[in-house]
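See structure below.
The values are calculated or read from the model by the stated rules, or taken from the named source; none is laboratory data. Note that this is a predicted model, so its numbers are computed, not measured. Note that we place each Cβ from the backbone using ideal geometry, even for glycine, and neighbour counts take in every protein chain shown. Heads up: the accessible areas ignore ligands, DNA and RNA and are worked out on the full protein's heavy atoms, side chains in. Shrake-Rupley method; radii C 1.70, N 1.55, O 1.52, S 1.80 Å.
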Amino acid sequence: DMGGHDTYMHKEISEQPDAVDRVLRGRIDDRFNTVHLGGLNLDAREARGIRRVKILGCGTSYHAGLIGAGLIESLARIPADAEPASEFRYRNPVVDPDTLYIAVSQSGETYDVLAAVQELKRKGARVLGVVNVVGSAIAREADGGTYVHAGPEVCVVSTKCFTNTVVAFALLALHLGRIRDLSVAEGKRIIEGLRKLPAQISEILESEADIKKLAEEYADAKSMMFIGRVRGYPVALEASLKLKEISYIHAEAYPASELKHGPLALIEPALPTVAIVPDDELLEKNRAALEEIKARSGRILAVAHREQEKADHTIVVPKNEDELDPILMGIPLQLLAYHTALALGRDIDKPRNLAKSVTVE
Ligand code: F6R
């Protein structure tokens with residue numbers, strides 16, 4: 001049942017205010033400005049003993065894990081990174097008892113992620129799951145974890161589950177942070193930011209008609225560049241994947257700082273750039289990248305918190321706390337991919353060559 005929408009993808013994008021509300025519900029503790037996550041199976045003493053966090057997933061879940069790693073580093077001050085689960089599995093990684101491993105999966109059935117979890121467990125590691133489908137193989141195999149409560153995701157490409165997974169990571173990072181060195185005031189700041197998300201997502205969804213116009217304007221591109229910096233880079237990766245998957249337009253994502261180390265050679269009017277430009281400590285750096293692109297006559301579509309002078313078009317999104325901005329900046333780019341694919345007449349819910357869950361190696 002598509003509930004009045006033409007595609008499941010559109011339905012699922014539209015459901016995000018409610019989905020985010022669900023992942024937050026019942027978990028915030030205003031007395032201690034922290035978060036309770038029931039199924040973690042990780043007590044405070046164990047949480048304090050974690051020396052590193054390694055996040056494993058595939059595709060969109062890997063991208064959510066990259067943002068999650070950034071949240072854990074900044075809020076809990078634990079070194080954290082994310083890696084595609086299959087790469088991890090095949091490089092015979094050093095498995096460290098003081099590392100917390102986190103497996104991320106919408107379906108909970110992705111073979112490469114499941115096999116990584118099993119290999120880690122066989123070697124005695126502690127593995128948590130950040131999973132959407134309750135009772136799925138990865139959820140059962142993990143030592144504990146949290147469900148992301150996005151609800152059923154039918155469209156092959158992931159949208160609402162991505163957003164909810166990132167919010168779940170923000171909750172986990174806040175929980176770990178408040179056990180370690182994050183202050184009460186900082187905890188409160190993040191909680192207030194989290195509570196603003198559903199209304200801010202609704203506000204972004206209201207600008208769909210404008211985003212549709214932009215999508216129609218850029219749909220003739222043969223290829224597109226996506227750039228972002230630090231928190232913005234995984235947003236660029238995910239937006240580029242979404243565009244590729246459903247529109248079949250070639251797209252690349254680069255950290256903005258890497259442009260001058262090679263990809264700048266590609267910039268010309270026929271290769272538009274989508275730039276993630278949050279109002280944070282990196283704003284001036286990001287503006288300098290826009291200037292470099294403009295100097296080569298590149299077209300620029302910015303996603304920002306205010307109009308960007310160097311950009312040809314800006315999608316303005318509401319500002320949240322710096323750490324939570326990536327959650328909001330991804331939403332208009334889901335709509336951009338959607339309307340680009342629609343303008344090109346693609347089969348959005350069933351893109352060619354792809355399956356909803358990849359249960360083979
Ligand atoms: C992208 C997409 C895929 C999945 C990937 C992992 O839109 O849907 O990249 O994210 O196959 O799937 P899960 O999260 O079920 O492990």
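Points worth noting:
- Condition check for GLU109: open to solvent by 20 Å² or more (accessible area, probe 1.4 Å) and either in a helix (DSSP H, G or I) or without any contact (Cβ under 8 Å) to a residue 40 or more places away in the chain (or both): no
Residues are listed down the side, and each one gets a yes or a no for (1) at pLDDT below 95; (2) basic (Lys, Arg); (3) surrounded by fewer than 24 Cβ atoms within 10 Å (Cβ to Cβ); (4) outside any helix (DSSP H, G or I):
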| residue | (1), (2), (3), (4) |
| --- | --- |
| GLY135 | no, no, yes, yes |
| ILE138 | no, no, no, no |
| CYS155 | yes, no, yes, yes |
| SER158 | no, no, no, yes |
| THR163 | no, no, no, no |
| VAL166 | no, no, no, no |
| ALA173 | no, no, no, no |
| GLY193 | no, no, yes, no |
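- Verdict on SER257 being touching a residue at least 12 places away in the same chain (Cβ under 8 Å), touching a Leu at 6+ places or on another chain (Cβ under 6 Å) and surrounded by fewer than 23 Cβ atoms within 10 Å (Cβ to Cβ): no
- Within the range 117-133, the only residue that satisfies the criterion of being within 13 Å of the ligand (Cβ to nearest atom) and surrounded by fewer than 21 Cβ atoms within 10 Å (Cβ to Cβ) is VAL133.
- Tallying residues that are among the basic types (Lys, Arg) and out of contact with any strand residue (DSSP E or B) (no Cβ under 7 Å at 6 or more places or on another chain) within the range 14-70 yields 5.
- Unmet requirement for THR165, which otherwise passes all of (1) touching a strand residue (DSSP E or B) at 6+ places or on another chain (Cβ under 7 Å); (2) more than 28 Å from GLU87 (Cβ to Cβ); (3) not small (Gly, Ala, Ser): (2)
- If you filter the range 68-116 down to residues that are over 20 Å from the mean Cα position of the chain (by Cα) and within 15 Å of the ligand (Cβ to nearest atom), you find that the one that is farthest from THR159 (Cα to Cα) is ARG89.
- Selection status of ALA64, of a type in the set (Gly, Ala, Ser), crowded, with 17+ Cβ neighbours inside 10 Å and at pLDDT 95 or above: yes
- Residue within the range 45-52 that is among the small types (Gly, Ala, Ser), open to solvent by 20 Å² or more (accessible area, probe 1.4 Å), away from the ligand (no atom under 16 Å from the Cβ) and closer than 19 Å to LEU194 by Cβ present: no
- Leading residue by the ranking (nearest to ILE50 (Cα to Cα)) among those in the range 90-106 that are of a type outside the set (Val, Ile, Thr) and open to solvent by 50 Å² or more (accessible area, probe 1.4 Å): ASP98
- For the range 219-270, taking the residues that are within 14 Å of the chain's Cα centre (by Cα), among the hydrophobic types (A, V, I, L, M, F, W, C) and outside any helix (DSSP H, G or I), the one that is nearest to THR340 (Cα to Cα) is identified as ALA253.
- Within the range 55-66, residues that are over 17 Å from VAL117 (Cβ atoms) sit with their Cβ atoms under 9 Å from residues that are hydroxyl-bearing (Ser, Thr, Tyr) and buried (at least 24 other Cβ atoms within 10 Å of the Cβ), at 6+ positions apart or across chains, in these pairs: THR60/SER158; THR60/THR159; THR60/THR165; LEU66/TYR233.
- Of all residues in the range 325-343, none satisfies being open to solvent by 10 Å² or more (accessible area, probe 1.4 Å), in contact (Cβ under 8 Å) with a residue 60 or more places away in the chain and not in a helix (DSSP H, G or I).
- Residue match in the range 297-304 (condition: open to solvent by 10 Å² or more (accessible area, probe 1.4 Å) and more than 23 Å from THR340 (Cα to Cα)): no
- Within the range 175-191, being touching a residue at least 12 places away in the same chain (Cβ under 8 Å) and either β-branched (Val, Ile, Thr) or not in a helix (DSSP H, G or I) (or both) holds for ILE179, ARG180, ASP181, LEU182, VAL184, ILE190, ILE191.
- Residue match in the range 220-233 (condition: among the aromatic types (Phe, Trp, Tyr) and in contact with a helix residue (DSSP H, G or I) (Cβ under 7 Å, 6 or more places away or on another chain)): yes
- In summary, GLU281 fulfils each of the numbered conditions (1) farther than 26 Å from SER202 by Cβ; (2) outside any strand (DSSP E or B); (3) within 16 Å of the ligand (Cβ to nearest atom) with the single exception of condition (3).
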